[in-house]
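**Student:** Before anything else, here's the structure in question.
The values are calculated or read from the model by the stated rules, or taken from the named source; none is laboratory data. Worth saying up front: this structure is predicted, and the values here are computed from it rather than measured. All Cβ positions, even for glycine, are placed from backbone atoms using ideal geometry, and neighbour counts span all protein chains on display. Surface areas here come from the heavy atoms of the whole protein model, side chains and all, with no ligands, DNA or RNA. Shrake-Rupley method; radii C 1.70, N 1.55, O 1.52, S 1.80 Å.
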Amino acid sequence: MKDSDALVAPAKSTLLGERLLASGKLTARDLERALQAQQEMGNLLGKVCVQLGLVSELDVVKTLAEQLSVPFISADSFPAVPLEVPGLMPEFQLANAVLPLKLEGGVLEVVMAHPQDVFVRKALQLATGCVISPAIGLESELEKALAQPVDEASQQGDGLSDLADAGDFVEHLKDLASEAPVIRLVTSIIGRVTDLRASDIHLEPFDDGLHVRYRVDGVIHAGEVVPPKHSAAVSSRVKLLAHLDIAERRLPQDGRIKTRVKGRELDLRVSTVPTVHGESVVMRVLDRASVRFSLESMGFASDTLARFNDLLARPHGIVLVTGPTGSGKTTTLYAALSKMDSSVQKIITVEDPVEYQLEGINQIQVHPQIGLSFANALRSILRQDPDIIMIGEMRDGETAQIAVQSALTGHLVLSTLHTNTAAGAVVRMQDMGVESYLITSSVNGVLAQRLVRTLCTHCKTPDQPSDELRRRTGLGRFLAEGQPMYQAVGCAQCRHTGYQGRTGIHELLVLDEPLRRAVIDGKDATILHGLAAQSGMLSLYEDGLRKVAAGVTSLDELLRVTQDQNDG
């Protein structure tokens, strides 16, 4: 009965779909899509769902294990040395994704990608003369384990250098990039993004292969190393997905991949640059599901948020957000825009690129190659009668001048600048050629921000700081006597980093009368910063100390992020 049940039939496939639906892994619409695709592709439903990116391979396999009442075996439990079974050929194992685990008393325990395939089980029984006890495993893990002994080919390079003709070379690259193992490899590299909560994937070519690294919570972590024979094919696969020219390997290129991974819509911004060993590829992950378009959830202290909201409520003027690349500036601007009422206000943005599409807001993508620069786009949108303008980045004096003119003629302008401190933004605008009196008339305030990793709530431990540490770091000002701060430890939940997620630390400079006079007098950033502090502004470091005192982050993490801000 069990064998006949295990035969691959549409009824059984539907049952798997119903189980995935019941457990919330699939939506009814996704299941409908998958069943339609299954009819066209003629494959197993689980495999179709994974290929479409609707669910993860792990979800399908665990659901199948439950459905077939067989154990699930992960790669951790695979034998270190392949088990040789008389009568069982390695070619058969590889072709059918079957890995022997244990042979005892005439019973052969095997882990299979498809234990529901009764014909493979019958063939195993006939070839070995044993009773077969099946378990289920991930096909990707099984293929990796079975292919390990056959890896001499990697010593022979990728075979691309023999192709003298450029046309043959490109065609060969396309063929390589379209092979199933390469497609699976790229899918698994991108798929790890959701498990790791990574913001960027780096593919870096070196002599020994393509190094895959992931940026998680702002810190780079090493991943797998793709063998040299697959390096060019993997890079080419990513370029094909991003609609880039795979024949062009000498110039940088930019593109975009829209895909679905484990049931989540992912948008990847792709950048390629040529290096000595091949093309370096970086994929920036724009995951709508993980982005919080709400200022309240971005780590603002209540007093800073109230003052920032006051700036956003003003009818005209410039509000700047500053910080280095990757400090969450654009996300803060999006959150500011999303709280504004686009039904009664005309809101236009000029961005390079448009990272997330916001409802009810007119977003313009800059295209410098056809002459649509920030400055040109800004000139045109002023004729569109906007109330609020968001400029992705003030890159040059021309853009800054138009922004100032817009603010002076009754528009609220939001933009970003690459400076380290809030006071530094004023000096940067002067460097761009904007007159001091125009800055004081147009700029309402500047928000500087950084992202610090938050401590893992499962493993953080209290630590009593010494009086000397409290005095030297300034922590004593925010931490009550006898109150502990917290240290990072590391556990399975946070992948032994001690941190999980990030939050913002902020420094908000509001241009009041003393500051305006100082700007007109040509004072430098240090004096401007001192005056703002006298008016109650907390520096990035001080705002971070508040989060250390609250147990949100650690002192080590704060110092890592704000070393240039802290004199102590």
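**Student:** Over region 188-347, what is the relative contact order in whole percent, taking alpha-carbon pairs under 8 Å and six or more residues apart?
**Tutor:** 17 percent.
**Student:** Enter the Cα centre distance for the pair region 45-91 and region 325-391, rounded to the nearest angstrom.
**Tutor:** Measuring centre to centre over Cα atoms gives 47 Å.
**Student:** Once amide H atoms are placed 1.01 Å from N in the peptide plane, what residues at a sequence separation of 5 or more from residue 280, or on another chain, have their amide H within under 5 Å of its amide H?
**Tutor:** Result for residue 280 returns 273, 275.
**Student:** Remind me, relative contact order of the chain in percent, using alpha carbon pairs under 8 angstrom and six or more residues apart? Provide the component values of the computation, followed by the final result.
**Tutor:** Working: 940 pairs, mean separation 50.3, N = 568.
About 9 percent, as a whole number.
**Student:** Another one. Alpha carbon centre of region 251-322 versus region 516-534: separation in Å?
**Tutor:** Using only Cα atoms, the two centres lie 31 Å from each other.
**Student:** Then there is this: Helix 180-196 versus the longest principal axis of the chain: what angle, 0 to 90°, nearest 10, using Cα atoms?
**Tutor:** 50
**Student:** Then there's this: ³J(HN,Hα) across region 244-252 via Karplus (A = 6.51, B = -1.76, C = 1.60, θ = phi - 60°), whole Hz, x for Gly/Pro?
**Tutor:** 9, 7, 6, 6, 8, 10, 10, 10, x
**Student:** Where a Cα-Cα gap under 19 Å defines reach, which lysines qualify for residue 329, not counting those fewer than 8 residues away within the same chain?
**Tutor:** 339
**Student:** In degrees between 0 and 90, to the nearest 10, how far off the longest principal axis of the chain does helix 228-241 point, with axes built from Cα atoms?
**Tutor:** 60
**Student:** Could you compute how much accessible surface residue 541 exposes when probed at 1.4 Å, giving the result in Å² to the nearest 10?
**Tutor:** Rounded to the nearest 10, the figure is 20 Å².
**Student:** Can I ask one more? Remind me, what semi-axes does the chain give for its equivalent ellipsoid, largest first in whole Å, using sqrt of 5 times each Cα gyration tensor eigenvalue? Write out the running numbers ahead of the final one.
**Tutor:** Details: eigenvalues 558, 165, 106 Å².
The equivalent ellipsoid of the chain has semi-axes of 53, 29, 23 Å.
**Student:** Still on this structure, please answer the following. In terms of modelled amide H atoms, which long-range or inter-chain residues lie less than 5 Å from the amide H of residue 221?
**Tutor:** Residues meeting the amide H criterion: 214, 215, 216.
**Student:** Quick one: of 62/258; 258/346; 144/229; 25/47, which pairs are farther than 19 Å apart, Cα to Cα? Don't skip to the answer; put the middle values down first.
**Tutor:** On the way: 62/258 27 Å; 258/346 29 Å; 144/229 15 Å; 25/47 14 Å.
Pairs exceeding 19 Å: 62/258; 258/346.
**Student:** Taking a Cβ-Cβ separation under 4.7 Å as the criterion for a possible partner, which cysteines of the chain have none?
**Tutor:** Those would be 49, 130, since no other cysteine Cβ in the chain comes under 4.7 Å of theirs.
**Student:** Where does helix 540-549 land angle-wise versus the long Cα axis of the chain, in degrees 0 to 90, nearest 10?
**Tutor:** It works out to around 60 degrees.
**Student:** State the Cα centre-to-centre distance between region 441-471 and region 196-221 in whole Å.
**Tutor:** Using only Cα atoms, the two centres lie 27 Å from each other.
**Student:** Give me the net charge of residue 464's neighbourhood, meaning all other residues with Cβ under 13 Å from the Cβ of residue 464; Lys, Arg count +1, Asp, Glu -1.
**Tutor:** Values: positive: 470; negative: 463, 467, 468, 481.
So the surrounding residues net to -3.
**Student:** A follow-up question, please. When N counts the residues of region 224-367, how does its alpha-carbon radius of gyration compare numerically with 2.2 N^0.38 Å, as a ratio? Walk me through the numbers on the way to the answer.
**Tutor:** Values: Rg = 19.1 Å, N = 144, 2.2 N^0.38 = 14.5 Å.
Compared with the compact-globule rule of thumb, region 224-367 sits at 1.31.
**Student:** Can you give me the relative contact order of region 54-142 as a percent, contacts being Cα pairs under 8 Å and 6 or more apart?
**Tutor:** Working: 121 pairs, mean separation 30.0, N = 89.
Relative contact order of region 54-142: 34 percent.
**Student:** Ok, one more. Using only DSSP helix segments of four residues or longer, with each worth -39500 (n - 2.57), what per-residue ellipticity at 222 nm results for the chain after dividing by its residue count and rounding to 500? Before the final figure, lay out the partial values.
**Tutor:** On the way: 22 runs with 223 residues, N = 568.
Here the helix-only value at 222 nm equals -11500 deg cm²/dmol.
**Student:** A further question follows. List the residues whose amide H sits under 5 Å from the amide H of residue 491, counting only those 5 or more places along or on another chain, with H placed 1.01 Å from N in the peptide plane.
**Tutor:** 496, 497, 498
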